[in-house]
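Data block below; observations after.
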Amino acid sequence: MTGIGERLREAFRADGPVDPDQLVARLEAVHRFLGIVDGHLPDTPLVPARTLVERAGTRLSLSRDHTVVALAGATGSGKSSLFNAMARMDLSPVGVRRPTTGVTHACVWGPLDGGTRLLDWLGVLPRHRFVRESVLDGDDESTLHGLILLDLPDFDSVQHAHRLEVDRLLGLVDLVVWVVDPQKYADRVVHRSYLREFHQHRDVTLVVLNQTDRLPAADVPRVLADLRRLLDKDGLDEVPLLASTVADPTGPDGLRAALERTVAERQAALRRLSGDVDAVVAALDEMVGAPRPALAPDDPAVDALDRALGAVAGVPAVVAAVEQAYRHRAASATGWPLTRIWRRLRPDPLRRLHLSGPPGDPAESLVAATSVPEPSAADKSALALALRTVTERAASGLPSIWPDSVATAARARLGDLPDALDRAVAGADLGMNRPRTWWRLVGGLQWLVTLAAAAGLGWLVLGYALRALGLPELRPPMVGEVPAPTLLLLGGLLAGLLVAALTRPLARWAARRARQRAETRLTSAVALVGDEYVLAPVRAVIAAHADARTVLEVARHR
Ligand SMILES: Nc1nc2c(ncn2[C@@H]2O[C@H](COP(=O)(O)OP(=O)(O)OP(=O)(O)O)[C@@H](O)[C@H]2O)c(=O)[nH]1
Ligand SMILES: [Mg+2]
C-alpha cells in the first residue's frame, strides 16, 4: 500500500496549507455575521457558529505549536495499545475486560509548559497526563515534539459517560485517528454515527486498521480495500488509511510516521478549525440563501399599507369633514349677511374633530388628541392584512428562518402606531387655516348689495313717513319707470340672491379641491408614519440579511 507520508502529502496538497491570518479573518467574519443577525434570527440555529468562534479563539490563543491528536474507536480496537506503542511506555492500561479506558489519558512530547493550559482546556485530569522528555530519548522522539496524544474512552461504550467524553473531545482536538480492528471495522455505529459525520474534517482524519496480525497476511489487502470502500461511502475518500499492529514492534511505524509529519507541518489545528469554519459557513449559507432586494417604495404592498393606515387613522372622516367645513366656512363668509349670523351658530365640522387649530405650534400638535372616530373592525383587519402582505413581499425568496423575523420587525412598533397616526393627522396642514380671498370679495359684494337694499328701504320708509305726517313729499329720482329707492331695495335683494346662487356651485367645486389637497397631505403624513414604524424595521432586517451575506463571502474565502 501507499506510504502514509505520501498519502498525507496527497491529501493535504489538495488545499495547500491553511494561512493562520486567513483563518482568523474567516473566524472574524463569522463573528461579525453573528453580530449582524443578532436580534433578527433565533439563537438555536446559530449555536454551532457561536461555539466555533469561542472555541477557535481559545484554541488559537492557547498554543499554535502543539498538535492535539486523539485516538478514537470502539472498545478493544487497540487505542490504548497504540497509545503506549507511540509513547514507548505503558502509560494507559490495556485490558481484556471491556471497556478498559474510562478516562482520557494524554501524553505530551517535549516540555509540558505550553501544553498545560491546552490540557486544562481539554479537561484531561493532571494524574492522566504524561510527558515524554526528549532528554530521556535522545533525538528519537524530537520529531514528535509538540504532539499531545490522547487515548479516548470507547465511543460505543455501555457507559454513557464515555460517549459524552468522546463527543466533547472530538469537538476540540486537532486530528482524529480512528482505530478499527478486523472484527468491527464495518460496524455501523462507527460509520453512521462518527465517520460520516466527520466528513467535513477529512483533512484532519486518519483511519488505522489495527490488529492486522490477527488476519492471515493474504487477507489484509482485501480487508483494507473493503474498509476503503466503506470510507468512500462515508464521504472520506481522501482520508489516509493505514494498517498497524502492536504485535510487531515495527507494526505502528506507519502511524508514527503520520504523526511525525502532522507535527512537522503544525497545520492540524488550523486545518481542523478551517474545516469547522467550512461546516459552519455551509450551514449559515443555507440560512441566508440568495440576495434579496429591499422592498421598493412604490411596491403595491406599500401603497396598500398606506391606505390601510390612512383608514385606521380616520383620513376618510377627516377629508369628508374638510369638504364640509370648506362649504360651511365659504357659506358663512359669502352668504347673505343676514343669514350669515345664523350659519355661524352652526358648529364647524372640522372643529368637531378638534382639527381646526393651526399646525404652527409643534408642541401643541404633539399633545393634540384628535376626536377622529375610532377605527372600525373592518379597518383594523384590513391593516392586519396589509401588514401581512408587506411582510410577505419583503421576505419573499428568503430562507424560512427570516420571514418570522421580518414579521416581528413589522409588528415591533405597532403599539406606538395609534398615537403616531393621531399626531400625524393632528399635525398635518389641512390647508384650512386662512379664509380664501374670493370669500372676502364675494362677502364684500354681498354687503354692498345689502347696503343698497337697506338704503332703498330707508328711503322708501322715509317717503311714507313724510307723506303720513303731511310734510312735503320727497320726489325720488326715477330710473326709467321705477323709482330709485324701489330699484335699490329690489335690485339689492335680487342681486344678493343671485350672488348667493352663483357662489354655491363654486364653493362646492372649491370644497372638493380642498378635500383632495387635504387627502394628499394626510396620506403623505400617514405614509411617513408607516415608513418609520413599519417599513424601517422591516428594511433593517433586509439590510441585515444583505450585510450577513457580504460577511459570509469573507468567511467562505479559504
Ligand atoms: N493481537 C493483537 N492484539 C491487540 C492489538 N492491539 C490491541 N490488542 C489487544 O486487544 C485488547 C484491547 O486493547 P486495548 O488497547 O485495551 O483496546 P482499547 O481500544 O483501548 O479498548 P478500550 O479502552 O476498552 O476502549 C487487549 O487485550 C490488547 O492486548 C494488536 O495489534 N494485535
Ligand atoms: Mg483503552
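Solvent-accessible area per residue in the chain equals 49 Å², computed with a 1.4 angstrom probe and all protein chains kept. In this calculation the C-beta distance from residue 392 to residue 419 is compared with R0 = 30 Å, giving a FRET efficiency of 0.65.
Starting from the eigenvalues of the Cα gyration tensor, five times each then square-rooted, give me the equivalent ellipsoid semi-axes of the chain, largest first, whole Å.
Working: eigenvalues 1923, 72, 59 Å².
Its equivalent ellipsoid spans semi-axes of 98, 19, 17 Å.
Here the accessible area is traced with a 1.4 Å probe on the protein chains. For the range 403-452, carbon and sulfur cover 61 percent of it.
Give me the compactness ratio for the range 407-517, meaning the Cα radius of gyration over 2.2 N^0.38 Å.
Working: Rg = 27.1 Å, N = 111, 2.2 N^0.38 = 13.2 Å.
Against the empirical 2.2 N^0.38 Å value, I get 2.06 for the range 407-517.
Where the accessible area of the range 490-535 is counted over protein heavy atoms with a 1.4 Å probe, how much of it, in %, is carbon and sulfur? Mind dumping the intermediate values first?
Numbers: 1680 of 2620 Å².
So the carbon and sulfur contribution to the accessible surface is 64 percent.
Under the simplified labelling scheme, the residue 324-residue 200 pair shows an inter-label distance of 6.7 nm, with each label point 7 Å from Cα along Cα→Cβ.
Set the Förster radius R0 to 22 Å, insert the Cβ-Cβ distance between residue 546 and residue 19 as r into 1/(1 + (r/R0)^6), and round the FRET efficiency to 0.05. Efficiency computed from Cβ-Cβ geometry: 0.20. In degrees between 0 and 90, to the nearest 10, how far off the longest principal axis of the chain does helix 377-395 point, with axes built from Cα atoms? Here the helix axis deviates by roughly 40 degrees.
Full extension of the chain segment joining residue 486 with residue 90 gains 128.7 nm, where the gain is 0.36 nm per residue of separation less the Cα-Cα distance.
Residue 384 to residue 520: FRET efficiency via 1/(1 + (r/R0)^6), r the Cβ-Cβ distance, R0 30 Å, to the nearest 0.05? Please list the in-between numbers first.
Numbers: r = 26 Å, r/R0 = 0.86.
Using R0 = 30 Å, I get an efficiency of 0.70.
Here the range 142-218 exposes an accessible surface that is 51 percent carbon and sulfur, computed with a 1.4 Å probe and the other protein chains kept in place. In this simple spin-label approximation, residue 140 and residue 58 carry label points 7 Å from Cα along the Cα→Cβ vector, and these lie 3.6 nm apart. Taking one quarter of the surface of the C-alpha convex hull of the range 19-65 gives a mean projected area of 3.4 nm². Extending 7 Å from Cα along the Cβ direction at residue 441 and again at residue 478 yields two label points whose distance is 3.8 nm. Relative to the longest principal axis of the chain, what angle (0 to 90°, nearest 10) does the C-alpha long axis of helix 484-530 take? It is inclined by approximately 0 degrees.
Which angle between 0 and 90 degrees, to the nearest 10, do you get for helix 536-556 versus the longest principal axis of the chain when only C-alpha atoms count? Here the helix axis deviates by roughly 20 degrees. Inter-part distance, the range 88-107 to the range 146-209, computed on C-alpha centroids, equals 16 Å.
Applying the Karplus relation 6.51 cos²θ - 1.76 cosθ + 1.60 with θ = phi - 60° to the range 141-151 yields 3J(HN,Hα) values of 9, 5, 5, 9, 3, x, 7, 10, 9, 10, 9 Hz, where x marks Gly and Pro. The range 284-349 and the range 511-554 have Cα centres separated by 18 Å.
Gain on full extension, evaluated as 0.36 nm per residue between residue 285 and residue 186 minus their Cα-Cα distance, stands at 32.3 nm. In this structure the amide hydrogen of residue 67, modeled in the peptide plane, comes within under 5 Å of the amide hydrogens of 147, 148, none closer than 5 places in sequence on its chain.
The values are calculated or read from the model by the stated rules, or taken from the named source; none is laboratory data. As the structure is a computational prediction, the values presented were derived from the model and not from experiment. Ideal geometry is used to build each Cβ from the backbone, glycine not excepted, and the neighbour counts take in all protein chains shown. Surface accessibility is based on the protein's heavy atoms, side chains included, excluding ligands, DNA and RNA. Shrake-Rupley method; radii C 1.70, N 1.55, O 1.52, S 1.80 Å.
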